[in-house]
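Visitor: This is the structure I want to talk about, given as structure tokens.
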Amino acid sequence: MSSALLPEFKDIWQKTLHWEPSHSQLEKWEKLYQEIISANRQINLTRLTDPKDFWEKHLWDSLAGIDTKILNLKAPLKIIDIGTGAGFPGIPVAMTCPNWQVTLLDSTQKKIKFINLILEELKLNNCQTLIGRSEAIGQMKDHRETYDLALIRAVGKPSVCAEYTLPFLKIGGIGVLYRGHWETEDELTLKSALKKLGGKITIIKKFETPLTKSIRNFVYVEKISKTPIQFPRPIGIPNQNPL
Ligand code: SAM
């Protein structure tokens, strides 16, 4: 176990997201942090081990993408986090919104194995995990067009993320693409991909992270019509040949 504690930064939560975590949420985040730091010695889960880095890039960033005013969806929500890695952004979102159902999807078995331990340890009953590629799972009846909200961070180019995300969403559902810098070219390629996938950009929200002032862009896309059945294309194709 690490001896360093996560900062609380209640004032920063209030100032940036107009919200602050409860005492029990802070305790759960601390436990999550300690578990990740401890497991990181055996499997590579994150390079962000410093408490402030972890707070900013994993906790704050995960929650900053969930702007309920923009989402404008009727709770409780059914969510999928695509390429969740060590559980971001999905786990902090599940911890903060206990009545939302969160599916954590990743293609790496050892990461999902670790997440399963964490879920048990933290008694996070509103999460389930899935091992597999989003290209395959997005074609499965049990998952296709069944989610209100899909989150995707650090998984690929914007149009690749769109091809992974849109098939999971119900019509009217929202995808949140967590991005760093955002260029005009990114917007053009994303728009062109969304046309084929049945979506549109609703808003792009730009933030500076509160501690290191890094640029973040949260790109909200809405599913406006059914995604044609040929999407997502077979495993590997979206990445090799982005829309
Ligand atoms: N979202 C996490 C975060 O931001 O900390 C993890 C990001 S990590 C760079 C990318 C993750 O996406 C990896 O764990 C990888 O296994 C997973 N991944 C990449 N392509 C995927 C796919 N097509 N389907 C499912 N998982 C995928």
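The values are calculated or read from the model by the stated rules, or taken from the named source; none is laboratory data. Everything numeric in this text was worked out from a predicted model, so none of it was measured. Ideal geometry is used to build each Cβ from the backbone, glycine not excepted, and the neighbour counts take in all protein chains shown. Ligands, DNA and RNA are excluded from the accessible area calculation, which covers all protein heavy atoms including side chains. Shrake-Rupley method; radii C 1.70, N 1.55, O 1.52, S 1.80 Å.
Visitor: Once you've got the Cα coordinates, tell me which of Lys57/Lys191; Lys57/Lys123; Lys113/Lys226; Lys74/Lys191; Lys110/Lys200 are over 29 Å apart.
Guide: Lys113/Lys226; Lys110/Lys200
Visitor: From largest to smallest, what semi-axes in whole angstrom does the range 159-221 give when each is the square root of 5 times an eigenvalue of its alpha carbon gyration tensor?
Guide: 23, 13, 9
Visitor: Then there's this: Against the longest principal axis of the chain, how steep is helix 23-39, in degrees 0 to 90 to the nearest 10, with axes from Cα atoms?
Guide: Rounded to the nearest ten degrees, it is 80.
Visitor: Quick one: Cα centre-to-centre distance for the range 165-205 and the range 17-43, in angstrom?
Guide: 30 Å
Visitor: Leaving ligands, DNA and RNA out of it, rank Thr96, Thr49 by accessible area with a 1.4 Å probe, largest first.
Guide: Thr49, Thr96
Visitor: Please list the equivalent ellipsoid semi-axes of the range 102-198, computed as the square roots of five times the alpha-carbon gyration tensor eigenvalues, in descending order and whole angstrom.
Guide: Sorted largest first and rounded, they come to 26, 16, 12 Å.
Visitor: Hey, what do the phi angles of the range 48-59 turn into as Karplus ³J(HN,Hα) couplings, whole Hz, using 6.51/-1.76/1.60 and θ = phi - 60°, x for Gly and Pro?
Guide: Residue by residue, the range 48-59 yields 8, 9, 5, x, 6, 4, 4, 4, 6, 8, 9, 7 Hz.
Visitor: Nearest 10 degrees, 0 to 90: what angle lies between the long axis of helix 109-121 and the longest principal axis of the chain (Cα atoms)?
Guide: Once rounded, the angle reads 50 degrees.
Visitor: Now for a different question. What does the convex hull of the Cα atoms come to per residue for the range 1-115, in Å³?
Guide: Once divided by residue count, the hull of the range 1-115 is 103 Å³.
Visitor: Continuing with this model, one more query. Nearest 5 is fine: what % of DSSP beta bridges in the chain come out antiparallel, could you say?
Guide: 45 percent
Visitor: Roughly how many Å² is the accessible area per residue of the range 158-222, as a whole number, for a 1.4 Å probe?
Guide: Normalised by residue count, the accessible surface of the range 158-222 is 41 Å².
Visitor: Expressed in nm to one decimal, what extension gain is obtained for the pair Lys200 and Thr146 from 0.36 nm per residue of sequence separation less their Cα-Cα distance?
Guide: 17.6 nm
Visitor: While we're here: Angle check, please: helix 184-197 long axis (alpha carbons) against the longest principal axis of the chain (alpha carbons), in degrees 0 to 90, nearest 10.
Guide: Between helix and principal axis, roughly 60 degrees.
Visitor: Next up: Return the FRET efficiency for the residue pair Glu8, Asn126: r is the Cβ-Cβ distance, R0 is 30 Å, and the value is rounded to the nearest 0.05.
Guide: After rounding to 0.05, the efficiency reads 0.80.
Visitor: Return the ratio Rg/(2.2 N^0.38 Å) for the range 10-240, where Rg is computed over Cα atoms only.
Guide: That works out to 0.96 for the range 10-240.
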